[in-house]
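The values are calculated or read from the model by the stated rules, or taken from the named source; none is laboratory data. Remember, predicted model here, so these are calculated numbers, not experimental data. All Cβ positions, glycine included, derive from the backbone under ideal geometry; neighbour counts span all protein chains shown. In case anyone asks, the SASA skips ligands and DNA or RNA and just uses the protein heavy atoms, side chains included. Shrake-Rupley method; radii C 1.70, N 1.55, O 1.52, S 1.80 Å.
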Amino acid sequence: MPHIWIEYSGNLALDTDKLMRTVQDAAVGDGSLFPLAGARTRAVRVDDFLIVDGHPDNAFVHVVLRIGHGRSDAQKAALGERVFQALTAALAPVMASRPLGISMQIEEADPVLNYKFNNYRDYLAARAAQAALPLPRTVVGAALNTPQALAAMGEAIDAAPYKGAPKAPVLYIKPANTYARDGAAITLPADVDEVEIGACLGVVFSRRATRVDEAEALGYVAGYRVVADLSVPHASYFRPALKQKCRDGFCPIGGEFAPAASVADPDALDIEVRIDGAVAQRASTAGMIRPVARLIADVTQFMSLEAGDILLVGPPPGAPRARAGQRYDIRIAQVGTLRNTLAARRAGL
């Protein structure tokens with residue numbers, strides 16, 4: 001029997017994935033008491049609801065929680081109250097529109113024949129630690145760090161004001177007003193119809209880096225995070241793109257942190273961007289004009305980066321665009337995933 005079992009009548013249109021997540025989150029809580037409550041779930045449609053409920057207009061949802069042996073009555077009561085409250089709140093819109101019965105029961109696994117081993121409690125602790133990661137003091141990004149980006153400028157790269165390809169990193173700043181968390185809704189300014197989703201590898205520093213040699217540069221890296229460099233589409237790199245890159249919420253930072261030791265080669269990581277679930281871009285951190293170590297060395301020749309600061313190696317060419325009402329997902333292999341929705345600014349705000 002699964003840890004969470006949901007039965008519901010066949011005359012009820014139910015988003016079972018959403019409901020199971022609601023029950024699971026309520027059962028798990030902070031993970032200190034019932035870390036296994038959502039390890040396995042199953043929802044079963046019961047089509048003979050007439051026999052169960054006795055009337056074709058009625059519908060039902062029944063939840064069974066199967067827990068490990070040994071909890072006190074008070075602990076089980078607290079679990080039941082917490083889950084049932086979340087369950088009834090989730091189903092309140094359904095109950096407001098039709099007859100509906102909601103029930104829940106808690107069962108205990110056999111104390112003798114109950115063998116388990118898993119790392120779910122460790123996972124919950126790690127997830128909580130990731131959510132608590134502090135936002136950085138400074139985020140610096142590298143523009144024009146791919147051959148394709150330079151090629152896209154065409155002959156303009158040799159004309160004024162550029163007069164040739166850059167001989168040093170072209171940098172931009174993502175100030176604190178741009179920082180946002182994984183899962184946050186990013187409100188687009190009223191004058192912005194769409195934004196480019198720059199999928200960036202964020203290099204997080206472990207200590208102060210000043211005039212670092214390329215051969216030693218990776219020794220200053222604590223790890224990596226997924227960062228979305230959101231920007232209003234623009235073509236000029238001559239003047240700082242503050243209005244295009246520094247809008248509120250335009251630098252969401254992933255909650256997952258990959259220690260440097262867990263990433264074998266930061267210059268060979270696959271990147272995938274999805275817009276509303278559909279693949280919009282597949283790329284890689286490979287092929288940068290300045291790979292991670294060289295970029296660190298070049299940037300720290302003229303500016304110091306402190307512990308916790310993030311250096312963006314630059315988005316891949318062809319950044320996809322998204323509009324208000326859409327969601328993007330950025331996945332960087334070995335590092336993690338960042339998800340945000342884009343929202344339109346409400347009138348009068």
Legend entry - Qualifying aspartates and glutamates (Cα of each under 16 Å from Cα of LYS18; at least 8 residues distant if same chain): GLU7
Inset, instruction - Kindly report, to the nearest 10 Å², the accessible surface of PHE84 as traced by a 1.4 Å probe over protein heavy atoms only. - result: 70 Å²
Inset, instruction - Roll a 1.4 Å probe over the protein heavy atoms and report the accessible area of HIS55 in Å², nearest 10. - result: 90 Å²
Legend entry - Mean separation of Cα contacts under 8 Å, 6 or more apart, over the residue count of the range 194-260: relative contact order %: 38 percent
Inset, instruction - Counting other Cβ atoms within 10 Å, keep those with at most 15, restrict to DSSP loop, and tell me which trypsin sites (Lys or Arg not before Pro) in the range 270-349 are left. - result: ARG345, ARG346
Inset, instruction - Would you work out what percent of the accessible area of the range 204-329, with all protein chains in place, is carbon or sulfur (probe 1.4 Å)? - result: 49 percent
Inset, instruction - Note down the nm distance, to one decimal, between modelled labels 7 Å out along Cα→Cβ at ALA168 and at ALA151. - result: 2.8 nm
Inset, instruction - Quick one: order ARG98, ARG21 from most to least accessible surface, probe 1.4 Å. - result: ARG21, ARG98
Inset, instruction - Would you work out which of LEU312, GLY325, ALA293 lies farthest towards the positive end of the dipole of the range 273-349, given +1 charges on the beta-carbon of Lys and Arg and -1 on that of Asp and Glu, about the Cα centre? - result: GLY325
Inset, instruction - Compute the Kirkwood hydrodynamic radius of the range 241-292, taking the inverse of the mean of 1/r over all pairs of distinct Cα atoms, and give it in Å to one decimal. - result: 13.9 Å
Inset, instruction - Over all directions, average the projected area of the Cα convex hull of the range 191-331 and note it in nm². - result: 8.9 nm²
Legend entry - Cα-centred dipole magnitude for the range 253-298, charges only on beta-carbon of K, R (+1) and D, E (-1), debye, nearest 20: 120 debye
Legend entry - Largest to smallest accessible area among MET153, MET95 [probe 1.4 Å]: MET95, MET153
Legend entry - Within the range 220-349: Cβ-based charge dipole about Cα centre, in debye rounded to nearest 20 (Lys, Arg +1; Asp, Glu -1): 720 debye
Inset, instruction - Take the alpha carbon atoms of the range 311-325, find their center, do the same for the range 269-295, and report the distance between the two centers in whole angstrom. - result: 9 Å
Legend entry - Label-point separation in nm, GLU194 to GLU214, each point 7 Å along Cα→Cβ: 3.8 nm
